[in-house]
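Worksheet: the structure to be examined is printed underneath.
The values are calculated or read from the model by the stated rules, or taken from the named source; none is laboratory data. Not measured: the values here are computed from a predicted model. Reconstructed Cβ throughout: ideal geometry from the backbone, glycine too, with neighbour counts over all protein chains shown.
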Amino acid sequence: MAETPAAPDEAVEPQGAPMVIEGQYIKDLSFENPGGVESIALVQRNPRVNVEINTQVRPLADNRYEVSLFIRGEARHEERSLFIVELTYAGLFHVVNIPADSIRPVLMIEGPRLLFPFARNIVADCTRDGGFPPLFINPVDFVTMYQRSLAEGQAQA
């Protein structure tokens, strides 16, 4: 027997999907060009660029969690800051059929992995719109990042 397709305005939730993104959004975005026009001229001298990435999970109600991806990028020439970009990009995730002891690792690894391409584009667009070459962030290994945070937590305990 053939299945009837869902109406165009009906939401179709994949059967058995353990994690669904219900929404994603910019929580905070900041761009600074402290040196003004002088910074734009210095960017041609191959500045040193540092990128920091952190993640956070906040439980909400009804098996929903907010996963936040924080990205901070700064370009420096010698001791002078050329630009600073900070983005907190978040998603609302609904999880089902995941064992309780696996929820945190799934959210801390898969949540940021799904959000990262969107956040990466926002950072690139922001730096480009600020008058600089776009800051393209290399792919991130969120598994290693999660394992490192576990090791640091155990070392502090």
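Among the residues making up the range 108-139, a single one is out of contact with any strand residue (DSSP E or B) (no Cβ under 6 Å at 6 or more places or on another chain), part of a loop (DSSP other than H, G, I, E, B) and hydrophobic (A, V, I, L, M, F, W, C): Phe136.
If the condition is being part of a loop (DSSP other than H, G, I, E, B) and either on the phi < 0 side of the Ramachandran plot or not small (Gly, Ala, Ser) (or both), then the range 34-80 contributes Pro34, Gly35, Asn46, Pro47, Leu60, Ala61, Asp62, Asn63, Glu78, Glu79.
Considering (1) surrounded by fewer than 18 Cβ atoms within 10 Å (Cβ to Cβ); (2) over 16 Å from Arg120 (Cβ atoms), the lone condition that Ser39 does not fulfil carries the number (1). Hey, any hits in the range 108-123 for a residue that's under 30 Å from Asn33 (Cβ atoms), over 16 Å from the mean Cα position of the chain (by Cα) and basic (Lys, Arg)? Scanning the range 108-123, I find no residue that is under 30 Å from Asn33 (Cβ atoms), over 16 Å from the mean Cα position of the chain (by Cα) and basic (Lys, Arg), so the answer is no. Of these, Arg48, Arg104, which one is of a type in the set (D, E, K, R), more than 12 Å from Met19 (Cβ to Cβ), modelled with pLDDT under 95 and within 18 Å of the chain's Cα centre (by Cα)? It is Arg104.
For (1) touching a Gly at 6+ places or on another chain (Cβ under 9 Å); (2) surrounded by fewer than 13 Cβ atoms within 10 Å (Cβ to Cβ), each residue gets a yes or a no:
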| site | (1), (2) |
| --- | --- |
| Val51 | yes, no |
| Arg58 | no, yes |
| Asn63 | no, no |
| Val67 | yes, no |
| Arg76 | no, no |
| Glu79 | no, yes |
